[in-house]
């Protein structure tokens, strides 16, 4: 249905198109995943400037015609995340987060928890990059990996693929949890571990607390446990969402 759409959005991907245009993959507050064309946006004197690049948080005015692509008719910056853009590791983390959203969330239905989660994660990356630039982030060695895993866990929850963590996903037993099975959809006890892999208590606790805490309040976990968590998330999404994500490190 033709008309105007005003919404806040995160640019997930920006692709050059033709001589002067861009195709944007957006995650919006009001419409979920949408694709749009920004005509003339690559011209030197474009009114859009450089704000239609990945990771920009924007207020957009879009025109919806009969085709699949909306047309960007207005854009103003809510947050450009300048510190994030000056940090190679932060750019990599942001790119993996946006790719995860692209792969997991393709619906045009609004998903406010997912949109808010992506905004909070970009905020966190920007703040972390600023701290690193000032020399205050030296102690955050495994932080980006842990934050990225917590983001993926919360994104799985927001997209309807949260793992079962309270009891065995096969038999319902709450005691003796010792493994994780992507096929079963969560943690499993020793009797049901076949087809899964061993999951340490530390890794299990990280998953539980990462889902229950804000992104900025990550629980501590050893690198070996974080690798188990990454495998668990990967197996879960591979079996149930049919999605393969890049490593979070």
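Bear in mind these aren't lab numbers, they're just calculated from the coordinates by the rules spelled out. Model, not experiment: these values are computed from the prediction. Quick reminder, even Gly has a Cβ in these numbers, built from the backbone with ideal geometry, and neighbours come from all protein chains shown.
Translational D (Stokes-Einstein, µm²/s) of the range 1-63 at 37 °C and 0.692 mPa s when Rh comes from the Kirkwood sum over C-alpha pairs?
On the way: Rh = 11.8 Å.
D, rounded to a whole number, is 277 µm²/s.
Given axes a ≥ b ≥ c from the Cα gyration tensor, I'd like to know whether the range 40-175 is rounded (a/c under 1.5), prolate (a/b larger than b/c) or oblate.
Details: a/c = 3.27, a/b = 1.31, b/c = 2.50.
Note, shape of the range 40-175 comes out oblate.
Starting from 0.36 nm per residue, how many nanometres of slack lie between residue 19 and residue 99 once their C-alpha separation is accounted for? Before the final figure, lay out the partial values.
Details: separation 80, 0.36 × 80 = 28.80 nm, distance 2.57 nm.
The residue 19-residue 99 span can extend by a further 26.2 nm.
Using only Cα atoms, find the angle between the long axis of helix 112-133 and the longest principal axis of the chain, and express it within 0 to 90 degrees, rounded to the nearest 10.
Once rounded, one gets 90 degrees.
Quick one: grab the alpha carbon gyration tensor of the range 104-249, order the square roots of its eigenvalues as a ≥ b ≥ c, and give me rounded if a/c is under 1.5, else prolate or oblate depending on whether a/b is larger than b/c. Could the numbers behind the result be given before it?
On the way: a/c = 2.25, a/b = 1.42, b/c = 1.59.
It is oblate, given that a/c is not under 1.5 and a/b is not larger than b/c.
Mind jotting down the distance between the C-alpha centroids of the range 1-56 and the range 183-210, whole Å?
About 41 Å separates the Cα centre of the range 183-210 from the one of the range 1-56.
So for the pair residue 224, residue 4, with labels modelled 7 Å out along Cα→Cβ, what separation do we get in nm?
For the pair residue 224/residue 4, the computed spacing is 6.0 nm.
Indicate the gyration tensor shape class of the range 36-115 (rounded, prolate or oblate), computed on the Cα atoms with a ≥ b ≥ c the square roots of the eigenvalues: a/c under 1.5 is rounded; otherwise a/b larger than b/c is prolate and the rest oblate. Numbers along the way, then the final one.
Values: a/c = 2.02, a/b = 1.12, b/c = 1.80.
In terms of gyration-tensor shape, oblate.
List 171, 119, 98 from most exposed to least, where exposure is judged by having the fewest other Cβ atoms within 10 Å. Don't skip to the answer; put the middle values down first.
Working: 171 11, 119 17, 98 21.
Lowest to highest Cβ neighbour count: 171, 119, 98.
Computed on alpha carbon atoms, what radius of gyration and Dmax characterise the chain, expressed in Å?
In order Rg, Dmax, the Cα atoms of the chain give 19.8, 66 Å.
Run the numbers on the chain and let me know its relative contact order in percent, using alpha-carbon pairs under 8 Å that are six or more apart.
On the way: 463 pairs, mean separation 37.3, N = 249.
Worked out over the chain, it gives 15 percent.
Helix 88-104: angle to the longest alpha-carbon principal axis of the chain, degrees 0 to 90, nearest 10?
90
What angle do you read, to the nearest 10 degrees and between 0 and 90, between the alpha-carbon axis of helix 143-158 and the longest principal axis of the chain?
The two axes meet at around 90 degrees.
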